[in-house]
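Peer 1: The structure's right below; bear with me while I get my questions together.
The values are calculated or read from the model by the stated rules, or taken from the named source; none is laboratory data. Quick caveat, the model's predicted, so the values are computed rather than measured. For neighbour counting, all protein chains shown are included, and Cβ atoms are generated from backbone atoms with ideal geometry for every residue, glycine included. Please note that ligands, DNA and RNA were not included when accessible areas were found on the heavy atoms of the full protein model with its side chains. Shrake-Rupley method; radii C 1.70, N 1.55, O 1.52, S 1.80 Å.
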Amino acid sequence: MGAGDHMSLSAGDYRSVLDLVAAALRCAGPDFPDVAVTGLLCRVLDAEVVGAGDVDLRGTASRWWADAPRPIPMCPAGFHQFAVGHPLTRAHQRPGGSAALRLSDVASTREVQPTCDELGMPHVLTIPLTVTPRHLCAVAVLRSGPDFPVRDLRLARQLQPVLGGIYALRDRTGTDQPGPRDTDTGTAVTSRELAVLDLMADGLIAAAIARQLGISRRTVSKHIENIYRKFGTHDRTSAVLRGQAMGYLTVPHR
């Protein structure tokens, strides 16, 4: 970034941040961020379309939702292929890539062109909510005309840890909500147990899972015990294999 990137935000900018955070907290439900949040981001960042996307980095279950003020001009079936190899997706997967980024900061003119062709808007600013080896969930802010100025990038970076925290809170509020059921056994796994299982499949130990999810190691151990009990297994490898067989985890490509 250049010297202009160090410009300070105005008092009005900080008021906009506080207003948006207050609105986001009111919307901290299972569908966060919803259209109320993306609509506010659209106004604060002077965008044409804002939406949320979850990119499945190991499978094909990517999805896009909460686009405001109008649906994004993309076929839903084509979102995964478009998003999984996008320059911003690759940038957020790199070490230190969890901050808000502009497409123009990480891509060449040639790499920007597919975004323009697909969406009709060449400028994209993404605000990641969570980045794991398996998933990238982010808010995407799109516009045509001039690129997002440094002020918008700074606003997005002020909002990113708060929105990410609310996204994590959304997961916590759903901890005891039942997830999918195995059609053979009727076993229900909670959303938090699924999150633990997902990280177990990535080889993380209990302490690392606790740090990733923002919970205690003791709580992680309790979730692992519940997974073993529900799956009828007694070790990590068997639990992961059972999770794959039950459709909770994507079977890795060989």
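Peer 1: Scanning for something hydrophobic (A, V, I, L, M, F, W, C) and under 22 Å from Glu111 (Cβ atoms), does region 22-36 turn up at least one residue? Steps first, please.
Peer 2: Looking only at region 22-36, we keep the residues that are hydrophobic (A, V, I, L, M, F, W, C), and these are 22-25, 27-28, 32, 35-36.
Next, from what is left, pick out any that are under 22 Å from Glu111 (Cβ atoms): none.
The answer is no; no qualifying residue exists.
Peer 1: If I ask for residues that are assigned to a helix (DSSP H, G or I) and farther than 26 Å from Gln158 by Cα, which ones from region 71-115 would you list? If you could, list the steps in order and put the result at the bottom.
Peer 2: Residues of region 71-115 that are assigned to a helix (DSSP H, G or I), as a first pass: 76-84, 87-93, 103-106, 109-115.
Those that are assigned to a helix (DSSP H, G or I) and farther than 26 Å from Gln158 by Cα: Pro76, Ala77, Gly78, Phe79, His80, Gln81, Phe82, Thr109, Arg110, Glu111, Gln113, Pro114.
Peer 1: Just to be sure, is Ala52 among the small types (Gly, Ala, Ser), in a strand (DSSP E or B), within 14 Å of the chain's Cα centre (by Cα) and closer than 25 Å to Asp202 by Cα? So that I can check it myself, show each step before the final result.
Peer 2: Working: among the small types (Gly, Ala, Ser): yes; in a strand (DSSP E or B): yes; within 14 Å of the chain's Cα centre (by Cα): yes; closer than 25 Å to Asp202 by Cα: yes.
In short, yes.
Peer 1: Still on this model: Might you check whether a residue that is more than 12 Å from Leu125 (Cα to Cα), in a helix (DSSP H, G or I) and at pLDDT below 90 occurs anywhere in region 55-70? So that I can check it myself, show each step before the final result.
Peer 2: Looking only at region 55-70, we keep the residues that are more than 12 Å from Leu125 (Cα to Cα), and these are 55-70.
So of that shortlist, the ones also in a helix (DSSP H, G or I) come out as none.
No, region 55-70 contains no residue that is more than 12 Å from Leu125 (Cα to Cα), in a helix (DSSP H, G or I) and at pLDDT below 90.
Peer 1: What do you reckon, is Asp46 open to solvent by less than 60 Å² (accessible area, probe 1.4 Å) and acidic (Asp, Glu)? It would help to see each step written out before you state the result.
Peer 2: Working: open to solvent by less than 60 Å² (accessible area, probe 1.4 Å): no; acidic (Asp, Glu): yes.
So Asp46 fails the test.
Peer 1: Among the numbered criteria (1) closer than 17 Å to Val139 by Cβ; (2) free of Cβ contacts under 8 Å to residues at least 24 places away in the same chain; (3) surrounded by 15 or more Cβ atoms within 10 Å (Cβ to Cβ), which single criterion is violated by Ala107?
Peer 2: (1)
Peer 1: Considering region 211-227 alone, what residues qualify as being modelled with pLDDT of 85 or more and surrounded by fewer than 16 Cβ atoms within 10 Å (Cβ to Cβ)?
Peer 2: Within region 211-227, Arg211, Ser216, Arg217, Arg218, Ser221, Lys222, Glu225, Asn226 meet the criteria.
Peer 1: (1) closer than 19 Å to Val150 by Cα; (2) modelled with pLDDT of 90 or more; (3) open to solvent by 30 Å² or more (accessible area, probe 1.4 Å): which one isn't true of Val84, the others all being true?
Peer 2: Of the numbered conditions (1) closer than 19 Å to Val150 by Cα; (2) modelled with pLDDT of 90 or more; (3) open to solvent by 30 Å² or more (accessible area, probe 1.4 Å), the odd one out for Val84 is (1).
Peer 1: Still on this structure, I have one more. Tally time: how many residues in region 19-43 are in a helix (DSSP H, G or I), crowded, with 19+ Cβ neighbours inside 10 Å and either in contact with a Cys (Cβ under 8 Å, 6 or more places away or on another chain) or in contact (Cβ under 8 Å) with a residue 24 or more places away in the chain (or both)? Step through it out loud before you land on a result.
Peer 2: Residues of region 19-43 that are in a helix (DSSP H, G or I), as a first pass: 19-26, 35-43.
Next cut, crowded, with 19+ Cβ neighbours inside 10 Å only: 20, 24, 37-38, 40-42.
Subsequent filtering for residues that are either in contact with a Cys (Cβ under 8 Å, 6 or more places away or on another chain) or in contact (Cβ under 8 Å) with a residue 24 or more places away in the chain (or both) retains 20, 24, 37-38, 41-42.
Number satisfying all stated conditions: 6.
Residues are listed down the side, and each one gets a yes or a no for (1) touching a residue at least 60 places away in the same chain (Cβ under 8 Å); (2) open to solvent by less than 50 Å² (accessible area, probe 1.4 Å):
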| site | (1), (2) |
| --- | --- |
| Gly78 | no, yes |
| Gly97 | no, yes |
| Leu103 | no, yes |
| Pro133 | yes, no |
| Leu136 | yes, yes |
| Leu142 | yes, yes |
| Leu155 | yes, yes |
| Gln158 | yes, no |
| Leu163 | yes, yes |
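Peer 1: Of the conditions (1) polar (S, T, N, Q); (2) at pLDDT 90 or above; (3) within 30 Å of Arg211 (Cβ to Cβ), Thr132 clears all except one; give me its number.
Peer 2: If we test Thr132 against (1) polar (S, T, N, Q); (2) at pLDDT 90 or above; (3) within 30 Å of Arg211 (Cβ to Cβ), just (2) comes out false.
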